[in-house]
Every structure is written in structure tokens, then in C-alpha cells.
1. Going by what's in this entry, would Lys81 be described as at pLDDT below 85 and assigned to a helix (DSSP H, G or I)?
2. Being in a helix (DSSP H, G or I) and among the charged types (D, E, K, R) is the filter; apply it to region 86-138 and report the residue that is nearest to Ala167 (Cα to Cα).
3. Mind checking which residues of region 123-178 are of a type in the set (Val, Ile, Thr), in contact (Cβ under 8 Å) with a residue 40 or more places away in the chain and either closer than 24 Å to Ile90 by Cα or crowded, with 16+ Cβ neighbours inside 10 Å (or both)?
4. Among Ile88, Ile104, which is the only one that is in contact with a helix residue (DSSP H, G or I) (Cβ under 9 Å, 6 or more places away or on another chain), surrounded by 16 or more Cβ atoms within 10 Å (Cβ to Cβ), farther than 23 Å from Pro16 by Cβ and at pLDDT 95 or above?
5. With the condition kept exactly as written, say whether any residue in region 140-149 is part of a helix (DSSP H, G or I) and touching a strand residue (DSSP E or B) at 6+ places or on another chain (Cβ under 9 Å).
6. So which residues in region 1-50 are part of a helix (DSSP H, G or I), closer than 20 Å to Cys93 by Cα and of a type in the set (Phe, Trp, Tyr), if there are any at all?
Amino acid sequence: MNLPNKLTVFRMLLVPVIIVLCIFPIGGSWNLWGQVLPINQFIVVMLFIVASLTDFLDGQIARKQNIITTFGKFMDPIADKLLVNSLIIILACTSKIHMIVPLIMISRDLVVDAIRLLASQNNVVLAASQLGKAKTFTQMLGIIFILLNNIPFCFLGVRVDLITMAAATMISLISGIDYFMKNRQFILESM
């Protein structure tokens with residue numbers, strides 16, 4: 001178990017902690033520049049940022065030290081999906097984002113995972129694409145802005161949180177179509 005894989009596992013372990021904090025809020029709130037932010041929401045933001053940074057770090061370390069493993073290629077995207085999809089479902093259930101966002105993003109993830117599973121039956125491990133990485137980055141950024149109640153952009157009257165999440169949804173859809181088109185041979189071979 002190398003450091004990048006430990007970071008991936010750590011990210012996965014943070015997910016239930018974040019979910020519990022979202023479901024069972026801690027009392028109290030902070031006033032940040034005139035915006036009220038519940039304490040548990042602030043803690044969730046901090047934990048989510050830490051988890052998101054582990055996503056960046058595990059890939060960087062693995063490539064720099066040339067310790068890319070099959071476990072890392074397979075589990076890193078799963079850890080990302082657990083983290084992001086858990087939060088977008090919670091955000092949709094609390095009406096902070098539209099329900100279509102998790103529907104598109106999770107549907108895309110299911111298609112990609114199905115293709116990865118079919119590829120693995122042929123002893124092929126499909127790494128994340130650049131579009132997939134862009135999707136994950138914009139999702140994480142959008143989630144952070146939404147959890148921060150659009151601070152600091154709320155003072156400008158610009159909904160950067162929703163704009164970023166809309167961009168993430170579009171990139172998710174486009175990357176899913178791209179992934180399907182590039183790897184459809186695994187689906188065709190399995191029929």
C-alpha cells in the first residue's frame with residue numbers, strides 16, 4: 001500500500017464522516033462577512049477540501065514517483081465518485097441544486113463504470129480521461145461554492161456556485177458520451 005493508494009483510501013473514509021455531518025448537524029453558526037454559515041456546513045467544506053486535495057495529490061505523487069498501480073487506477077475514480085455523488089445527492093435533497101444534476105452525473109458514472117467493468121474482463125484497466133478529470137475538478141469546485149453559500153461571489157450578485165455546477169453537469173454529460181464512443185468496443189464485444 002503506497003502513499004497514493006493510502007490517500008485514496010483516506011478520501012473514501014472521509015465520505016461517511018461528511019455524510020454524517022450533513023445529516024446530523026452540529027448546532028450554531030458563524031457569520032462570515034454578513035453571510036450565515038452553519039458550523040457543520042463549514043466543517044463539511046473543510047473536510048471536502050481536504051478530500052479533494054487528496055485526489056490531486058495521489059495522482060501527482062503516483063506519476064512523479066512512477067508508482068501507478070492497478071488499485072490506484074481502479075479505486076481513485078471510485079473514491080472520487082463516492083465523495084462527489086454523496087454530496088450532490090445531499091445538495092439535491094436539500095434543494096441547493098436541481099435534481100437533474102445528480103441524475104445526469106450518476107447516470108454518466110454508471111455508464112463509465114460498466115464500460116470499465118467490461119474492459120477489466122479483457123484485462124484492460126481504463127484510466128480516467130482528461131474530460132473526466134475536468135468533470136471531477138468542476139464538480140468539486142461547484143460543491144465547495146455551494147457549501148459556502150456562494151461566498152465570496154454572493155457580494156457581487158453572481159451565482160458562481162450554480163454556474164460552476166451547471167458547467168460540471170455539461171462536462172459530465174460530454175465526458176460520458178466521449179468515454180462511451182472511445183470504448184464502445186467493450187460493450188459490442190460483450191453482446
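The values are calculated or read from the model by the stated rules, or taken from the named source; none is laboratory data. All of these numbers come straight from a predicted model, not from anything done at the bench. Neighbour counts run over all protein chains shown; Cβ positions are idealised from the backbone, glycine included.
1. For Lys81, the condition - at pLDDT below 85 and assigned to a helix (DSSP H, G or I) - is not met.
2. Looking at the filtered set, the residue picked out is Lys135.
3. Passing the criteria: Thr136, Ile143, Ile144, Ile146, Ile151, Thr169, Ile171, Ile174.
4. Ile104
5. So far as region 140-149 goes, yes, one or more of its residues are part of a helix (DSSP H, G or I) and touching a strand residue (DSSP E or B) at 6+ places or on another chain (Cβ under 9 Å).
6. Phe42, Phe48
Rundown of residues vs (1) at pLDDT 90 or above; (2) under 27 Å from Asn149 (Cβ atoms); (3) surrounded by fewer than 16 Cβ atoms within 10 Å (Cβ to Cβ); (4) not β-branched (Val, Ile, Thr), yes/no style:
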{"residue": "Pro4", "(1), (2), (3), (4)": "yes, no, no, yes"}
{"residue": "Ser29", "(1), (2), (3), (4)": "no, yes, yes, yes"}
{"residue": "Val36", "(1), (2), (3), (4)": "no, yes, yes, no"}
{"residue": "Phe48", "(1), (2), (3), (4)": "yes, yes, no, yes"}
{"residue": "Phe56", "(1), (2), (3), (4)": "no, yes, yes, yes"}
{"residue": "Gly72", "(1), (2), (3), (4)": "no, no, no, yes"}
